[in-house]
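To start, the structure itself, in structure tokens.
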Amino acid sequence: MGSMTKTKAELEKVIAEVRDMQKDVGKITNQHVNLNSQLTENRLVEQELALLKDDAEVFKLIGPVLIKQDILEAKGNVSKRINFITSEMKRTDDQMALLEKKQEAKRTQIMDLQVKLQELAKQGAVQ
């Protein structure tokens, strides 16, 4: 029965690891959703800035104050933010793919341990 107890403990450990991974997946999903909304917002700003003439006045909200900003600088800042957000989204996609691979491996490990427990239980019932 010592082998069965050891296998049960190992199974519980792997299940706990999968639960932790699922929490991480939730966090990464939330990050991705936030990044996606930021990207949408910045693309809208980029489109609005593209409609303006080069001599148009653009203001940036810094705290409670609107500060005049050069339109080319504003366009550059928005473009940099879009690039940054896009790279962060790629990073979260890569993290998600890696976690999904790890989860699949853990699920296989869980199934193997369950089969082993069933075999051990049969052996115990036979003896």
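The values are calculated or read from the model by the stated rules, or taken from the named source; none is laboratory data. Note that the structure is predicted; figures quoted are calculated from it, not measured. Reconstructed Cβ throughout: ideal geometry from the backbone, glycine too, with neighbour counts over all protein chains shown. Surface areas here come from the heavy atoms of the whole protein model, side chains and all, with no ligands, DNA or RNA. Shrake-Rupley method; radii C 1.70, N 1.55, O 1.52, S 1.80 Å.
What's the number of the only condition in (1) in a helix (DSSP H, G or I); (2) open to solvent by 100 Å² or more (accessible area, probe 1.4 Å) that L61 fails to meet?
It is condition (1) that L61 fails.
Would you check which residues across segment 48-58 are of a type in the set (D, E, K, R) and either in a strand (DSSP E or B) or in contact with a strand residue (DSSP E or B) (Cβ under 8 Å, 6 or more places away or on another chain) (or both) and list them?
Step one: filter segment 48-58 for residues of a type in the set (D, E, K, R), giving 48, 53-55, 57.
The answer is E57, and nothing else.
Would you please name the residue that is surrounded by the fewest Cβ atoms within 10 Å (Cβ to Cβ), looking only at residues in segment 74-98 that are closer than 20 Å to Q22 by Cα and in contact (Cβ under 8 Å) with a residue 40 or more places away in the chain?
First pass over segment 74-98, keeping only residues closer than 20 Å to Q22 by Cα: 89-98.
Among the residues that remain, those that are also in contact (Cβ under 8 Å) with a residue 40 or more places away in the chain are: 89, 92-93, 95-96.
Details: M89: 16, T92: 20, D93: 12, Q95: 16, M96: 16.
Result: D93.
What is the residue count in segment 101-127 for residues that are open to solvent by 70 Å² or more (accessible area, probe 1.4 Å) and touching a residue at least 12 places away in the same chain (Cβ under 8 Å)?
Number satisfying all stated conditions: 4.
Residue check: is V25 in a helix (DSSP H, G or I) and touching a helix residue (DSSP H, G or I) at 6+ places or on another chain (Cβ under 9 Å)? I'd like the intermediate steps shown before the answer.
Details: in a helix (DSSP H, G or I): yes; touching a helix residue (DSSP H, G or I) at 6+ places or on another chain (Cβ under 9 Å): yes.
It is true that V25 is in a helix (DSSP H, G or I) and touching a helix residue (DSSP H, G or I) at 6+ places or on another chain (Cβ under 9 Å).
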